[in-house]
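Taking it in order: structure first as structure tokens, then the write-up.
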Amino acid sequence: MSFLKKIFRAFSDFRLNNTQPLYGQQLDHILVGSMYASQQSAYLNSFVTGLSKNEIKKLLQDYWDIYSSEDAKEILSSLIERNNDTYISVVYEAYGNKENYVEILKSGLPDDESIFQQYLQIYRKLGNVIPEVTAQGLFENYSALEKIKDAGWNYGRASFIARCCFEMDYLSENELKQYLEASYDGLKKFCKTWREYTSSYVYGRALWGGSHNGGMISIAEDLLNNKDSPLKAKKYI
């Protein structure tokens, strides 16, 4: 299914599991992946996604190179740890002080040319993406963006991918719950509200290179405001 078709389908209706719904904290854990779930037209409120095994298999193999339990755990651990990279904070500090960005990067990053170049590329990506998402009204100011970064994108993907891996028997139910909780706890360190989460997800996707940013913003607004959305009655994570 093309991205534009997924956007249309996501707008048409939220998919809710009426036979195995989750409530309370378990629902909050699942909702960390609600943006990704909406993109895939999956259930928003249950461990199971409502997608066919073929759809899940294609998603995991084609986009994530996940073929086994070992692959699943490696990818999930990577996503959950990405926002704990202390050098990323140096890059954002440099972006906020452009006149001194070289000095900030050199003093804050390891004395290794390959590592320096790696984070310099990230800095340049920020320069391309941040003006766009700021113009789209995703963030009130740069300090708000600097605080939450792309946490919603990383933890949100981990949450939904964990559900998919569970349905492929790559994770036990207990392991699924552990990854969901880890994603939720990680997200809370950066985002205080569900609106911050959706903005962070859209920003992270744009930083990664995703297109159709306007469509993603529309999905976010629908999740936050549609009366049938599990996020409608929630403000704080």
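Collect the residues in segment 46-67 that are among the polar types (S, T, N, Q) and either surrounded by fewer than 22 Cβ atoms within 10 Å (Cβ to Cβ) or not assigned by TED's automatic domain parsing to the domain that holds Gly215 (or both), keeping them in residue-number order. Those that are among the polar types (S, T, N, Q) and either surrounded by fewer than 22 Cβ atoms within 10 Å (Cβ to Cβ) or not assigned by TED's automatic domain parsing to the domain that holds Gly215 (or both): Ser46, Ser52, Asn54, Gln61. Of all residue pairs spaced 6 or more apart or on separate chains, those with beta-carbon atoms under 8 Å, a first member in segment 106-134 that is of a type in the set (Ser, Thr, Tyr) and a second member that is surrounded by 12 or more Cβ atoms within 10 Å (Cβ to Cβ) and not in a helix (DSSP H, G or I) are Tyr119/Leu109. Test Ser172 against the stated conditions and say whether it is in contact with a Leu (Cβ under 7 Å, 6 or more places away or on another chain), farther than 16 Å from Tyr95 by Cβ and modelled with pLDDT of 95 or more. Here the answer is no, as Ser172 does not meet what is asked. Going residue by residue through segment 128-150, is there one that turns out to be closer than 21 Å to Lys189 by Cβ, of a type in the set (S, T, N, Q) and out of contact with any Phe, Trp or Tyr (no Cβ under 6 Å at 6 or more places or on another chain)? Within segment 128-150 (the criterion being closer than 21 Å to Lys189 by Cβ, of a type in the set (S, T, N, Q) and out of contact with any Phe, Trp or Tyr (no Cβ under 6 Å at 6 or more places or on another chain)), the answer is yes, since at least one residue qualifies. For the subset of segment 34-55 comprising residues that are in a loop (DSSP other than H, G, I, E, B) and of a type in the set (A, V, I, L, M), which member is nearest to Leu224 (Cα to Cα)? Looking at residues that are in a loop (DSSP other than H, G, I, E, B) and of a type in the set (A, V, I, L, M), I get Leu44. Scanning segment 160-181 for residues that are more than 22 Å from Leu59 (Cα to Cα) and either aliphatic (A, V, I, L, M) or within 17 Å of the chain's Cα centre (by Cα) (or both) yields a count of 1. Does segment 211-230 hold any residues that are free of Cβ contacts under 8 Å to residues at least 40 places away in the same chain and among the aliphatic types (A, V, I, L, M), and which are they? Within segment 211-230, just Leu224 meets the criteria. Here is the figure for segment 74-104: residues that are without any contact (Cβ under 8 Å) to a residue 40 or more places away in the chain and of a type in the set (Lys, Arg) total 1.
The values are calculated or read from the model by the stated rules, or taken from the named source; none is laboratory data. All values reported here derive from a predicted model rather than from experimental measurement. In this analysis, Cβ positions are derived from the backbone assuming ideal geometry, glycine residues included, and neighbour counts consider all displayed protein chains.
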